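The values are calculated or read from the model by the stated rules, or taken from the named source; none is laboratory data. Because the structure is predicted, anything quoted here is derived from the model rather than measured. Reconstructed Cβ throughout: ideal geometry from the backbone, glycine too, with neighbour counts over all protein chains shown. Heads up: the accessible areas ignore ligands, DNA and RNA and are worked out on the full protein's heavy atoms, side chains in. Shrake-Rupley method; radii C 1.70, N 1.55, O 1.52, S 1.80 Å.
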Amino acid sequence: MADEIMRSIHSWEEALGRSGGTTFDPSLLSRFRIVETTGASRRFLIILSLVIAVLLTGCSVDSDARHDRKLTPTSPPTITSAPSRAATELADRYRQAGGDADVSGIRHAKNGTGVLVLTVWTHKKTSYANFDNFATGLASFLTREGVHLAQGYVLNVYGPDGIRLHNYDTTPEHNP
């Protein structure tokens, strides 16, 4: 091995045009020794390498726990938009048909996955005590208005401050 190192050093010096100047002193190689490693020290070196790699990448053991904390909402879901004119007019018809007097807007639209989402704005500050009756009456009214609810829907009811009071999912995926 020492001969191979010497040959590569001499070829490197010749390539750089330094063969006439300084030469390599082979006695320097005697300072290096080849160390036989045991199985335990090999495992230690592998583990040490992995620890260093983790530290250099910035990863941590509890990264999943931190990720879960980021997904946990810190407050109730809210809505920042006010009902559109069409949503207000639909709510007017709903109230005239005998629906809840506190409803100020009703919007129905399909989301990106094709699920019908009903959004209701209400003046109520707390949830509906008998929500099932409210949801059934709203669904009956919307069916008469020509809204197709046969594939299920997601109903979100928001109070005057924009905080969601109810979330009701009747889609087949969540109600088999």
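A few points about this structure:
- Compared with the alpha-carbon gap, the fully stretched path from ASN167 to ALA82 is longer by 28.8 nm at 0.36 nm per residue.
- Computed over segment 107-176: relative contact order in percent, which uses C-alpha pairs under 8 Å that are six or more apart: 33
- Solvent-accessible area, 1.4 Å probe, carbon plus sulfur percent, for segment 78-176: 49
- Per residue, in Å², the accessible surface of segment 76-167 once ligands and nucleic acids are set aside, probe 1.4 Å: 56
- Rounded FRET efficiency, nearest 0.05, which uses the C-beta distance separating ASN130 from LYS110 and R0 of 30 Å: 0.60
- Distant-in-sequence amide H partners of GLY152 (H built 1.01 Å from N, under 5 Å): none
- Taking amide H positions as modeled 1.01 Å from N, with prolines and chain starts lacking one, the residues under 5 Å from SER104 and 5 or more places away or on another chain are TRP121, THR122, HIS123.
- Note on GLU145: accessible area is roughly 80 Å² with a 1.4 Å probe, heavy atoms of protein only.
- Distance in nm between pseudo-label sites at ASN175 and ILE47 (7 Å out along the Cβ direction from Cα): 5.5
- Close amide H pairs (under 5 Å, H built 1.01 Å from N) link LEU165 with VAL157, TYR158, GLY159, residues at least 5 positions away or on another chain.
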